[in-house]
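Peer 1: Shown below is the structure under consideration.
The values are calculated or read from the model by the stated rules, or taken from the named source; none is laboratory data. Bear in mind the structure is a predicted one, so any value in this text is a computation, not a measurement. Reconstructed Cβ throughout: ideal geometry from the backbone, glycine too, with neighbour counts over all protein chains shown.
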Amino acid sequence: MIEIALDLLLDALSKDNLKNRIRLELGRNYLDGWVRERSNHIYAAPLGILLHVFAGNIFISGIESLVNGLITKNLNLVKTSSVDQFFPYLFLESLEECSPELASTISILSFKGGETAMENKLKRIVDAIIVWGSEKAILGYRKNLPLGKKLIEHGPKCGIGVVEKYDSSLPERIAKDVAYWEQSSCASPQVIYVHDSVDVEKLAPEIGRNLEKHPKGPLEPDQAVEILKAKEVARMGELFGDYKCYSSAEPYEWQIIISKKFDFSPLGRTLYLRKYHSLEDVVEEIPREYLQTVGIQSPRKKQIAKKFVLAGACRITELGKMTEGTLGAPHEGNYPLRELVRFCNIEE
């Protein structure tokens, strides 16, 4: 997965793709000086000093955020995550070899999240904070944020899938979405809604068998405990007909749980399947504030998509592509470069 992620990062950072992003997100290159637009001259000024708070789940998201700061000519502070304190330094070393001047606009900080004194000092110094992380981290940076300081939140999100029709490639494609990043991506599916017409008890073990084709990443002890809890709740629920649990022969390899209610997954290849009859019922129970990506298996994808967009989703894709993304697409409803500049004008 790391090799795949690095390839994706290199592709995203190619000269052509970066130029295309500037054109798509800003319309014209307003970053290098005043551009005439009718009776105005427009300039996209940097916000100033940015603090990028990295999350530990996916290392490339923080690097992409940092690159956005570089493109928009801001100064950049990076707060590393406790999980990954090394990759930001490796990236900076590589950048120093290519462009010492650009690298000089970056400083990397390492301190424990939740250190109030340090965080409050940074809130006073910087012009904007981009937080990638947990709900606790988001709320921590929101608290006592001075007036005029911008907070860009990338908090906990989840993906869901919708299966209206079965085909033979479906289990493999769902397994791919679950296996990539071990469900830690904000786009990863935690729940798949399966239409009544599809045999969900046939689908569940098929997904599990396909998950075994993908090498499993390491599991943290705390997460193993949460997965065990989810399995035990499901086993108990089987007595009352509320759950049906399928799991691997090897402990913690995968668990597919058919459930009669919405549950957030403890991740680590723990997938819930929910039968549905009406899409209205699905839309009604989804937690809007956490929904990011919806993967749809249906010949009516565009018709279905609008229901989920109005329910809070920002991204609609196919099952099997939930964790991939496409270059030039907005992120969580916004174009990132636009959030890191101030559009200024001179009137004639």
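Peer 1: Do the conditions hold for residue 287, that is, is it out of contact with any Gly (no Cβ under 9 Å at 6 or more places or on another chain), within 30 Å of residue 83 (Cα to Cα) and assigned by TED's automatic domain parsing to the domain that holds residue 191?
Peer 2: no
Peer 1: Of the residues in region 261-279, how many are assigned to a strand (DSSP E or B), over 18 Å from residue 166 (Cα atoms) and among the aromatic types (Phe, Trp, Tyr)?
Peer 2: Within region 261-279, residues that are assigned to a strand (DSSP E or B), over 18 Å from residue 166 (Cα atoms) and among the aromatic types (Phe, Trp, Tyr) number 0.
Peer 1: Next question. Looking at (1) buried (at least 18 other Cβ atoms within 10 Å of the Cβ); (2) over 21 Å from the mean Cα position of the chain (by Cα); (3) in a strand (DSSP E or B), which is the only condition residue 52 fails?
Peer 2: The single condition residue 52 does not satisfy is (2).
Peer 1: Give me the residue from region 213-223 that is surrounded by fewer than 16 Cβ atoms within 10 Å (Cβ to Cβ) and modelled with pLDDT under 95 and, out of that set, nearest to the chain's Cα centre (by Cα).
Peer 2: Within region 213-223, the match that is nearest to the chain's Cα centre (by Cα) is 217.
Peer 1: Kindly provide the set of residues from region 1-48 that are outside any helix (DSSP H, G or I) and charged (D, E, K, R), ordered by number.
Peer 2: Correct list: 28, 32, 36, 37, 38.
Peer 1: Return the pairs, sorted by first residue and then second, in which the second residue is among the charged types (D, E, K, R), the first residue lies in region 165-182 and is on the phi > 0 side of the Ramachandran plot, the beta carbons are less than 9 Å apart, and the residues are 6+ apart or on different chains.
Peer 2: 182/216; 182/269
Peer 1: Among the helices (runs of 4 or more DSSP H) contained in region 92-203, which hold 2 or more residues that are at pLDDT 95 or above and acidic (Asp, Glu)?
Peer 2: Once the helices (runs of 4 or more DSSP H) in region 92-203 are filtered for at least 2 residues that are at pLDDT 95 or above and acidic (Asp, Glu), what remains is 170-179.
Peer 1: Right, something else. Consider residue 282 against the criteria (1) assigned to a helix (DSSP H, G or I); (2) free of Cβ contacts under 8 Å to residues at least 60 places away in the same chain: it satisfies all of them except one. Which criterion is unmet?
Peer 2: (2)
Peer 1: Another one. Residues of region 142-164 being buried (at least 21 other Cβ atoms within 10 Å of the Cβ) and either among the hydroxyl-bearing types (Ser, Thr, Tyr) or at positive phi (or both), which ones?
Peer 2: Of everything in region 142-164, nothing turns out to be buried (at least 21 other Cβ atoms within 10 Å of the Cβ) and either among the hydroxyl-bearing types (Ser, Thr, Tyr) or at positive phi (or both).
Peer 1: Another question about this same structure. Give the residue that is surrounded by the most Cβ atoms within 10 Å (Cβ to Cβ), with candidates limited to residues of region 240-260 that are touching a residue at least 24 places away in the same chain (Cβ under 8 Å) and assigned to a loop (DSSP other than H, G, I, E, B).
Peer 2: Per the stated criteria, the residue is 254.
Peer 1: Next question. Have a look at 30, 89 and point out the one that is aromatic (Phe, Trp, Tyr) and under 30 Å from residue 343 (Cβ atoms).
Peer 2: 30
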